[in-house]
1. Not counting the cut sites, what is the longest span of chain B without GluC sites (Glu not before Pro) that DSSP labels loop and that have at most 14 other Cβ atoms within 10 Å?
2. State, to one decimal in nm and shortest first, how far the label point of B:A92 sits from each corresponding label point in the other identical copies (label point: 7 angstrom along Cα-to-Cβ).
3. Could you give, in nm with one decimal, how far B:R171 is from each other copy of that position, shortest first, with labels 7 Å out from Cα toward Cβ?
4. Using Cβ contacts closer than 10 Å as the measure, can you line up A:V93, A:V21 from fewest to most?
5. Taking Cα atoms, how many degrees apart are the long axis of helix A:21-34 and the longest axis of chain A, rounded to 10 and kept between 0 and 90?
6. What does DSSP give for segment A:76-184 in terms of the percent of beta bridges that are antiparallel, rounded to the nearest 5?
7. What share of the DSSP beta bridges in segment B:21-118 is antiparallel, in percent to the nearest 5?
8. Please enumerate, by chain and number, the lysines with C-alpha under 20 Å from the C-alpha of B:K22, excluding those fewer than 8 residues away in the same chain.
2 protein chains.
Amino acid sequence: MAEPSLQALVEALRRLPGVGVKSASRMAFHLLQHDREGAQVLAQALQQAATRIRHCSLCHTFTEEEVCATCRNPQRDHGKLCVVETPADQAAVERTQAYNGRYFVLMGKLSPLDGIGPKDIGLEKLFSRAMDGEVQEVILATNFTAEGEATAHVIAEALKQRGLKVSRLARGVPAGSELEYVDLGTIAHALVDRRSR
Amino acid sequence: MAEPSLQALVEALRRLPGVGVKSASRMAFHLLQHDREGAQVLAQALQQAATRIRHCSLCHTFTEEEVCATCRNPQRDHGKLCVVETPADQAAVERTQAYNGRYFVLMGKLSPLDGIGPKDIGLEKLFSRAMDGEVQEVILATNFTAEGEATAHVIAEALKQRGLKVSRLARGVPAGSELEYVDLGTIAHALVDRRSR
């Protein structure tokens, strides 16, 4: 396929995560052959999102405003601050309807191997946000991966030094699971963190 | 994620083949957080391709011109016409460097279950193209799937009625393979189509 605009489209589609040259060609072929309107819609959506979306000045999540809707909501408990890695994680916590505090979205995680340090995920911003005087407790809801745990550890140490109450999501047996099929590390954690009742 | 431009972007990305709501969110997040330039590049590439790319008036493949470079090339054997399903298939045949004729790209295949009939893949155009007086042989290189075989059968019957020589890509044992691991249908075809030497 020697057409320059077609090659440019395949190259551009390859910038999407998880898209190689074969899938990019398939996407380009599909759009040009079966969904030209979709190509225009996607082009406009990309441009509008890239120009309109910025970071909430308080919690750092994606928003079109200076401050996002969650941070503006006066019904939210100002005393609790939940730290998550991404807006998708924030959405997952929201869907539980079990949390009514505010958020801080790191937009990443500490990952020394990839060269991502405290500055890249705005930890200073988080620390000043947590020290605004209203926040009573910081709930660490980073992922339970190696990087997410390390990130939680670094944040917890820094905030405890500043005298704040810090908690971490409970580790334990997932809802609806049978012990026989749960991995040993999870059961061990659930034993250590067992609750009296 | 309640931001309208973000939701619109995720919806637009879902129009790409093989992209569900989770991958679309991941793509949108990646572009907005790590590659805003990529979002702009992709938006422009989509618009340019959607406006510039059309179908070659001779072979029906994607091109920016009235007639594509392959059809314009005077070095190409005008007596041979290779029928393929997609530009990707055409590129695969080209990479072999074993064919110097011209092409007709169906941009699809007969698929009655999906409601795709002879008109949708421009068979009339192919028939008039094949009857231009120069074409001596039509080589059917549609895929060896059920739909591809049916498409080849329909085209072969119609062109043979018009007195043209029609051939089909050989079926047989793939290069570099061991008989022990080749499926029985392939070996059976290779036996029937065996060559004397």
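1. Here the longest run is B:67-133.
2. In nanometres, ordered from closest: 3.8.
3. 5.7
4. A:V21, A:V93
5. So the helix axis and the longest Cα principal axis differ by about 60 degrees.
6. Antiparallel: roughly 10 percent of the beta bridges in segment A:76-184.
7. Counting only bridges with both partners in segment B:21-118, antiparallel ones make up about 40 percent.
8. The reachable lysines, counting only those whose Cα sits under 20 Å from B:K22, are A:K109.
Each value in this text was obtained by applying a stated rule to the coordinates, not by laboratory testing. None of these values were measured; they are calculated from a predicted model. Methodologically, a virtual Cβ is constructed for each residue, glycine included, from the backbone with ideal geometry; neighbour enumeration extends over all protein chains shown.
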